[in-house]
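Participant: Got a structure for you, questions after.
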Amino acid sequence: MKILQSYIQFAENVSEKSGQYVSWFTTAMMIVVVFDVITRYFFKNSSVAIQELEWHFFAIIFLLGAAYTLKHDRHVRVDVLYIRLTPEKQAWINLLGSILFLLPFCLLIIWSSTTFVSNSFQFMESSPDPGGLPARFILKACIPLGFILVLIQGVADIFKSMLIIRGETLESEVAIDD
């Protein structure tokens, strides 16, 4: 079980660091949106590049921040029944949900996006709009990268659920309690 604990620690460190780095894009996006609003409404001037930068930042936040969200259990969930269950039953739901839905979906997106991203890199894709941003292929590379991060965290969640079901204490919980 030491291997499972080590993997969980590794995956949670990756998710935590990626979430911390991505959080800076939230600040950057806010600055860009404020700039866009001021220039649009006060100076009657608009920029395609600025508008694209807003949704590029949003895409990066969403894609690369999903693993951090999963790690902290802040993803969308219907908690009506779940919150009333014992930790062991919650672990069973998490285990089955991750194995049946999360992992296959991540693998499907990673597999299906590789050609999409590869073609974008091959053609050095940029915005089709006049005045748009170049290097759209970099943004598209965030699709498989984001789902790889979620996959890494999803496997850690499976391992955590297995340990909870077996009645074992997670090392991360021990460290928090000390």
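Participant: Tell me which chymotrypsin sites (Phe, Trp or Tyr not before Pro) from the stretch 1-90 have a DSSP coil assignment and no more than 10 other beta carbons within 10 Å of their own.
Facilitator: For chymotrypsin sites (Phe, Trp or Tyr not before Pro) across the stretch 1-90 that sit outside H, G, I, E and B with at most 10 neighbouring Cβ atoms in 10 Å, the list reads PHE42, PHE43.
Participant: On to the next question. With the Cα gyration tensor of the chain in hand, convert its eigenvalues to equivalent ellipsoid semi-axes via √(5λ) and list them largest first in whole Å.
Facilitator: They are 38, 19, 14 Å, listed largest first.
Participant: Starting from the stretch 98-178, pick out the GluC sites (Glu not before Pro) whose DSSP state is loop and whose Cβ has at most 15 other Cβ atoms within 10 Å.
Facilitator: GLU168
Participant: Another question, if that's okay. Mind checking the dipole of the chain: about its Cα centre, +1 per Lys or Arg Cβ, -1 per Asp or Glu Cβ, Debye to the nearest 20?
Facilitator: 320
Participant: Provide the net charge surrounding GLY132, with neighbours chosen by a C-beta distance below 15 Å and charges set as Lys +1, Arg +1, Asp -1, Glu -1.
Facilitator: -3
Participant: Let me ask another. If you only keep lysine pairs separated by 8 or more in sequence, or across chains, how many in the chain come under 30 Å at the Cα atoms?
Facilitator: Number of lysine pairs found: 12.
Participant: So which trypsin sites (Lys or Arg not before Pro) in the stretch 8-105 pass both tests, a DSSP loop state and at most 11 other Cβ atoms within 10 Å of the Cβ?
Facilitator: Passing sites in the stretch 8-105 are LYS44, ARG74, ARG84.
Participant: Related question: May I ask you to derive the FRET efficiency for ALA28 and THR86 from their Cβ-Cβ distance with R0 = 41 Å, giving the value to the nearest 0.05?
Facilitator: 0.45
Participant: Turning to a different aspect of this structure: With a 10 Å Cβ neighbour count serving as the proxy for reagent exposure, in which order, fewest first, do MET1, MET162 appear?
Facilitator: The most exposed by this proxy come first: MET1, MET162.
Participant: Among ILE148, ILE31, ILE83, ILE164, rank each residue by its count of other Cβ atoms within 10 Å, from fewest to most, as a rough exposure measure.
Facilitator: ILE83, ILE31, ILE148, ILE164
Participant: On to the next question. Quick one: Cα centre-to-centre distance for the stretch 101-172 and the stretch 37-59, in angstrom?
Facilitator: Spelled out, the Cα-based centre of one part sits 27 Å from the other.
Participant: State log₁₀ I(q)/I(0) for the stretch 17-106 at q = 0.15, 0.16, 0.25 Å⁻¹ as given by the Debye formula over alpha-carbon point scatterers of equal weight, solvent excluded.
Facilitator: The Debye formula, applied to the Cα set alone, gives -0.73, -0.77, -1.19.
Read-outs: derived from the displayed coordinates by stated rules, not from any lab. Computed from a prediction, not measured in an experiment: that's the story for all the values here. A quick note on method: Cβ atoms are made from the backbone with ideal geometry, for glycine too, and the neighbour counts reach across all protein chains shown.
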